[in-house]
Structure formats: C-alpha cells, structure tokens
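I have placed the structure first, in the form of structure tokens, so that the comments after it can refer back to it.
The values are calculated or read from the model by the stated rules, or taken from the named source; none is laboratory data. Note that this is a predicted model, so its numbers are computed, not measured. Using ideal geometry, Cβ is built from the backbone for each residue, glycine included, and neighbour counts are taken over all protein chains shown.
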Amino acid sequence: MARIRTHTNPFNYFERMKPIDFREKFPELKSMDCEIGFGRGIFLREWAKSYPERLMVGVEVRKQIVAVLQERCDKEELDNVSLIHGQGLIFLEDSLPKKALDNVFIFHPDPWFKKRHHNRRVVSDKLLSVIADRLTDDGLLHISTDVSELWDDILLKIEDCKLYEPVENEEFWKKDYSSHWSLFSDRDNRSQFYQSFKLKG
C-alpha cells in the first residue's frame, strides 16, 4: 500500500450522509458489523473471510485508503464488505437506524498526544452514546490501543457515560483480532490494551 498520511483530523470532515439500507443491498446477510477507521484493513478483510454470513461495514475518513482497500476486497471477491468514505460518527448518526449493528470495532485510533488536540480523539462522549443506540441489545463494542495514556482516557469516558460494562471476550482477542498496528506492537513487545464492552442491562 502506498504511504498515506496516518494522522487525519476527523473533524475536518463535515459532509453529512444519507441513510443506507444495507438490508436491501445485502438481503442474504443476517448480521452487520462495523469497523470505524479501518486503516490498512487487515482486520476487516480477515473478519469478512472468517464470517462470510456477516456484513462487514468499514468507515474511513481517508479517501485514498478507502480506494486502495476496495481494490483489495474486489480482488479477493469479498462480497460481504461495504466500504464507506466518511467520518465514523456522522455515518452512524446519518446512515444507520437504531439497533443495526452486532459489533463495532475501534482499533488503535490516533492518540493525538497534545492536550489541545484531545478533542480530535475518535472515542468521545458523543460517539459512545451514538454507538450505544446503534448496537443491538446483545451487541458488543471492541476497542484496542497500545498507548496507555489514550487507554486511560477511553476507559474514563466509558465509565463516565454509564452505558457500557466490560465483558470477558478472550476468544475474540486471541482468535480473531489482528490489525496493522497490533502487529507492530507484537514485534516491538509494546503493551497492548484491549477490551470488549456490552450495553448495561
């Protein structure tokens, strides 16, 4: 994949989106999952291959990355993938009805270390609230990072929003989880932080 700028302020993208009837476009698929910020698409493609009965929707704010991954998915004939160019929060708000998603994945989001840039971090109070509305009653939110400062911030936001509780899901993290950045973390022996969350009863 060609070198593409990795740090992109998601709030530079303002374009609103139209509702999408994924059930009409993919009538044979019974479940729908969504990855916000799929990057090189390692996890997205492997998940789609492992679970061909599920629709995997990927949302990415960097248009060039969407185009490159679409070519790969076409070559691999992944017909249970739908890639969307846009901002994750706007997509969830505008394009999906409530209780549409069984899984939401957010892996290694940009940490935006400078304090004045913290408002650019993907996991926000608003995003957590919207995800909660879009998850099914048994749906799960999966988040990972290898940045301890960012992980602490994410956990604090999840605790403050009072919508989620952690759930034991080691099988997913050991069997299904793999991303471009997690491979670097493994190689460099960096600590990785990950957790799955369910909606509070």
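Of note:
- Looking across the range 7-19 at every residue that is surrounded by 13 or more Cβ atoms within 10 Å (Cβ to Cβ) and touching a Gly at 6+ places or on another chain (Cβ under 9 Å), the one that is modelled with the lowest pLDDT is identified as 10.
- Counted residues, the range 128-149 - those being without any contact (Cβ under 8 Å) to a residue 60 or more places away in the chain and assigned to a strand (DSSP E or B): 7
- Within the range 113-149, the set of residues being of a type in the set (S, T, N, Q) and either closer than 25 Å to residue 174 by Cβ or buried (at least 20 other Cβ atoms within 10 Å of the Cβ) (or both) comprises 136, 144, 145, 148.
- Test: residue in the range 88-102 that is in contact with a Ser or Thr (Cβ under 8 Å, 6 or more places away or on another chain), charged (D, E, K, R) and at pLDDT below 95: no
- Residue 152 meets each of the listed conditions (1) free of Cβ contacts under 8 Å to residues at least 40 places away in the same chain; (2) touching a Phe, Trp or Tyr at 6+ places or on another chain (Cβ under 8 Å); (3) of a type in the set (Asp, Glu) apart from (2).
- Residues in the range 20-41 that are crowded, with 19+ Cβ neighbours inside 10 Å and part of a strand (DSSP E or B): 32, 33, 34, 35, 36.
- In the range 42-65, the residues that are surrounded by fewer than 17 Cβ atoms within 10 Å (Cβ to Cβ) and in a loop (DSSP other than H, G, I, E, B): 51, 52, 53
- Any hit, the range 85-101, residues being surrounded by fewer than 19 Cβ atoms within 10 Å (Cβ to Cβ), outside any loop (DSSP other than H, G, I, E, B), out of contact with any His (no Cβ under 6 Å at 6 or more places or on another chain) and free of Cβ contacts under 8 Å to residues at least 12 places away in the same chain: no
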